[in-house]
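The values are calculated or read from the model by the stated rules, or taken from the named source; none is laboratory data. If you're wondering where the values come from, they're calculated on a predicted model, not measured in any experiment. All Cβ positions, even for glycine, are placed from backbone atoms using ideal geometry, and neighbour counts span all protein chains on display.
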Amino acid sequence: MFCESCGNQLPENAKFCTACGATTGRTQAETAQPAYTPPSSPPPQTAYIHNTAPAQPSYAPAAALDTPLGVGQYIGMFFLLAVPILNIVLLFKWAFGKSANLNKKNFARASLILSAIALIFWILAGGAIMEIFDGMMGGYYY
């Protein structure tokens, strides 16, 4: 039961609100009766909307994109990545293509990230080595 004046929660048999002092309008006879009356009809059923995952592209079934790669497929990938220009093209195709297997896509993205980190490291290391040679030559070049 709640107070009609301030909204404070009250015990079931209270005649006055403990917060604001307003009367609850109950008499002694009313407080003796049970406060609960069962509902005459059951509450209406609410429809629940289930969240669904976004649909996979229609040209590739979901199971085909998520199946694990076999050992032979990994060996084939490594042989294809050994070809100098083809490896970069394939890594970008696998990493950002829509029809690539999920395992192949994650492998290609990880390979591209590690290659970018290695490239930055080698540029910084090459600049440091050039500074060392420049210091040893005293700024004179042949």
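When region 6-43 is filtered for residues that are β-branched (V, I, T) and modelled with pLDDT of 75 or more, the ones remaining, listed by number, are T18, T23, T24.
Condition test on L80, is it surrounded by 12 or more Cβ atoms within 10 Å (Cβ to Cβ), part of a helix (DSSP H, G or I) and at pLDDT below 95?
Answer is yes for this residue.
Beta carbons closer than 6 Å, at least 6 apart along the sequence or on distinct chains, pair a first residue in region 107-126 that is surrounded by 10 or more Cβ atoms within 10 Å (Cβ to Cβ) with a second that is in a helix (DSSP H, G or I) for A108/L91; A108/W94; A108/A95; R109/A95; S111/L91; L112/L91; L112/A95.
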